[in-house]
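The values are calculated or read from the model by the stated rules, or taken from the named source; none is laboratory data. This is a predicted model, so every value here is computed, not measured. Neighbour counts run over all protein chains shown; Cβ positions are idealised from the backbone, glycine included. Surface accessibility is based on the protein's heavy atoms, side chains included, excluding ligands, DNA and RNA. Shrake-Rupley method; radii C 1.70, N 1.55, O 1.52, S 1.80 Å.
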Amino acid sequence: MGQLPPHLELQRSRVSCNKDAPIHTESIQYSGAYASMGIDNSSRLDRFSNNFRVEVVRLNEDDMEFDMIGIDAAIANSFRRILIAELPTMAIEKVLIANNTSIIQDEVLAHRLGLVPIRVDPRLFLAIVENDQPNEKNTIVFKLHVQCKRGSPRITVKSDALKWLPNGSELVKETRNATSDSSSKPETYTYFCCSQETIPEFVKNPIIPKYPDIIIAKLGPGQEIELEAYAVKGIRKTHAKWSPVATAWYRMLPEVVLLEDIEDDLAEELKSKCPVNLFDIEDLGKGRRATVARPRACTLCRECIRGDDWEKRVALHRVKDHFIFTIESTGALPPEVLFTEAVKILEDKCERMITELS
Amino acid sequence: MEHGSFTDNSAATFSLTDEDHTIANAVRFNLNQDPRVTFCGYSIPHPSEARVNIRVQTTGDPAREVLKDACQNLMLMCRNVRCTFDKAVEDFKASNAVKAMKIDSQDSSGDDSEESE
């Protein structure tokens with residue numbers, strides 16, 4: 001197995017960002033692409049597992065940044081699409097409004113409640129199907145009851161006013177059967193068999209909205225809001241409120257190559273051109289020389305190749321198989337769990353395709 | 001759903017419902033890597049309808065088998081990605097915990113020296 005000559009290797013593994021537009025952007029995937037040179041471009045699974053690496057750069061409770069090296073853009077994009085659109089989360093879907101005398105209309109209030117992120121692990125719940133009854137396995141019930149008394153100043157209703165009801169709905173359905181005995185439990189809008197508090201994960205962490213200071217409504221004196229909100233599981237394809245990530249994106253690793261030695265005045269000029277300071281000047285005995293110190297910070301603004309002759313001295317590339325992923329979670333799940341779940345979902349899709357084909 | 005000819009099963013178009021670029025591009029990439037494939041591509045006939053057509057032409061092997069192998073490869077690749085990622089996250093957390101401990105111990109030794117003075 002030979003190596004490709006350097007100009008072809010550059011074409012295969014780097015995107016060249018020229019002054020006007022990038023070239024060589026497509027990834028050369030065809031297994032027979034270099035067959036005439038006797039080089040096998042097909043990627044075996046063992047070669048992939050040997051070359052593939054992940055390096056975590058930053059990991060917080062809410063966001064993370066990591067590098068994936070040795071993977072192709074098609075797979076990285078699939079992960080990004082799944083992270084954004086197909087990871088299930090819990091969000092408020094149905095709102096039963098008992099009383100709303102505020103100036104916020106019912107539907108606007110319900111829409112705002114739906115967009116509040118809830119801090120709960122969606123894997124503990126089942127998705128609700130069309131004719132299912134809401135029970136403790138697929139619904140979370142919240143209650144909001146705020147009142148602004150006459151004579152008191154205006155109040156702002158924030159998301160910490162949403163109280164979790166682990167025993168289900170408290171609004172009683174009107175039964176037409178007047179002879180129902182008072183000893184039986186009154187029928188409500190949910191059918192909880194047992195309290196959700198008994199589930200061990202919720203004993204120590206009650207279900208609350210992730211951010212307690214989201215403004216939901218504002219009440220003037222004499223106005224009242226009383227409602228119950230049911231949160232169910234869904235995916236962002238249906239509506240954006242079910243998005244598990246604030247956003248997730250990737251970029252390819254930038255590479256800055258100095259094609260010739262840049263010395264003295266030119267070096268100073270180069271260093272001052274770059275807005276993110278990626279060049280450094282190193283002092284040699286007989287003069288100063290520019291070096292590339294922080295290529296990762298490059299935003300590809302192309303300032304360093306603007307002007308006459310600079311294109312001959314500096315070359316900007318992007319490495320095609322090195323992706324810098326950033327994931328910002330909305331709070332339901334930590335970002336590393338989100339990525340693992342996204343990969344599992346891609347595996348499930350493949351499995352479904354395989355069973356359909358057999 | 002497979003549209004092919006009864007006599008020649010080395011070329012076929014597979015029509016998948018409820019799918020989009022997410023799985024189609026990944027499968028197309030894997031198909032390209034397979035040396036038995038002469039041509040492969042996917043298209044989405046209309047963006048409002050969730051349907052993908054994947055076209056596979058091979059050097060003689062049945063197209064269905066080649067597509068199945070590509071899906072298997074993709075699954076194994078995903079498992080590999082997951083393992084590597086989990087290990088990297090664990091290593092990062094462990095090294096961060098060590099760093100935090102080192103900073104703590106440096107702080108406490110600094111306090112001791114101040115007290116002794």
Exercise. For residues in the range A:116-139 being charged (D, E, K, R) and more than 21 Å from A:GLU341 (Cβ to Cβ), which is surrounded by the fewest Cβ atoms within 10 Å (Cβ to Cβ)?
Worked result: A:GLU130
Exercise. Can we say A:ALA267 is open to solvent by less than 20 Å² (accessible area, probe 1.4 Å), out of contact with any Asp or Glu (no Cβ under 7 Å at 6 or more places or on another chain) and not assigned by TED's automatic domain parsing to the domain that holds A:GLN11?
Worked result: no
For this session: Among the residues of the range A:73-126, count how many are assigned to a helix (DSSP H, G or I), of a type outside the set (Ser, Thr, Tyr), under 20 Å from the mean Cα position of the chain (by Cα) and more than 23 Å from A:GLY168 (Cα to Cα).
Result: 12
Exercise. If you scan the range B:47-93, which residues turn out to be among the charged types (D, E, K, R), out of contact with any Phe, Trp or Tyr (no Cβ under 8 Å at 6 or more places or on another chain) and more than 10 Å from chain A (Cβ to nearest Cβ)?
Worked result: B:GLU49, B:ARG51, B:ASP61
Exercise. Do we find that A:PHE202 is among the aromatic types (Phe, Trp, Tyr) and either more than 30 Å from A:GLU86 (Cβ to Cβ) or crowded, with 19+ Cβ neighbours inside 10 Å (or both) in this structure?
Worked result: no
Exercise. Which members of the range B:10-27 meet the condition of being assigned to a helix (DSSP H, G or I) and either crowded, with 17+ Cβ neighbours inside 10 Å or touching a Leu at 6+ places or on another chain (Cβ under 9 Å) (or both)?
Worked result: B:THR22, B:ILE23, B:ALA24, B:ASN25, B:ALA26, B:VAL27
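Condition check ((1) modelled with pLDDT under 80; (2) in a strand (DSSP E or B)) across all residues:
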position: A:HIS145; (1), (2): no, yes
position: A:SER152; (1), (2): no, no
position: A:GLY168; (1), (2): yes, no
position: A:SER183; (1), (2): yes, no
position: A:PRO186; (1), (2): yes, no
position: A:THR190; (1), (2): yes, no
Exercise. In the list A:ASP106, A:ASP40, which residue meets the criterion of being open to solvent by 30 Å² or more (accessible area, probe 1.4 Å) and either more than 10 Å from every other protein chain (Cβ to nearest Cβ) or at pLDDT 90 or above (or both)?
Worked result: A:ASP106
Problem set entry | Residue in the range B:67-94 that is surrounded by the most Cβ atoms within 10 Å (Cβ to Cβ), counting only those that are out of contact with any strand residue (DSSP E or B) (no Cβ under 7 Å at 6 or more places or on another chain) and among the small types (Gly, Ala, Ser) | B:ALA70
Problem set entry | Within the range A:334-356, considering residues that are touching a strand residue (DSSP E or B) at 6+ places or on another chain (Cβ under 8 Å) and among the aliphatic types (A, V, I, L, M), the one modelled with the highest pLDDT | A:LEU338
Problem set entry | Hits in the range B:28-43 (condition: in a loop (DSSP other than H, G, I, E, B) and either facing another protein chain (nearest Cβ under 7 Å) or open to solvent by less than 20 Å² (accessible area, probe 1.4 Å) (or both)) | B:ASP34, B:PRO35
For this session: Mind listing whichever residues of the range A:324-344 are at the interface with chain B (Cβ under 9 Å from one of its Cβ atoms) and among the aliphatic types (A, V, I, L, M)?
Result: A:VAL343
For this session: Pick out the one residue from A:ASP321, A:ASP308 that is touching a Gly at 6+ places or on another chain (Cβ under 8 Å) and open to solvent by 20 Å² or more (accessible area, probe 1.4 Å).
Result: A:ASP321
Exercise. Can we say A:ASP280 is free of Cβ contacts under 8 Å to residues at least 24 places away in the same chain and exposed (fewer than 11 other Cβ atoms within 10 Å of the Cβ)?
Worked result: no
Seminar exercise, completed: Here the qualifying pairs (Cβ atoms under 8 Å; residues six or more apart or on different chains; first in the range A:61-83 and facing chain B (nearest Cβ under 8 Å) and touching a residue at least 24 places away in the same chain (Cβ under 8 Å); second of a type in the set (Asp, Glu) and open to solvent by 10 Å² or more (accessible area, probe 1.4 Å)) come out as A:PHE66/A:GLU55; A:ILE71/A:ASP321; A:ASP72/A:ASP321
Exercise. Does any residue of the range A:312-321 turn out to be small (Gly, Ala, Ser), modelled with pLDDT under 90 and not assigned by TED's automatic domain parsing to the domain that holds A:LYS273?
Worked result: no
For this session: Return the pairs, sorted by first residue and then second, in which the second residue is part of a helix (DSSP H, G or I), the first residue lies in the range B:59-70 and is under 12 Å from A:SER358 (Cα atoms), the beta carbons are less than 6 Å apart, and the residues are 6+ apart or on different chains.
Result: B:ARG64/A:LEU357; B:LYS68/A:ILE354; B:LYS68/A:LEU357
For this session: Collect the residues in the range B:44-62 that are outside any loop (DSSP other than H, G, I, E, B) and open to solvent by 50 Å² or more (accessible area, probe 1.4 Å), keeping them in residue-number order.
Result: B:ARG51, B:ARG55, B:GLN57
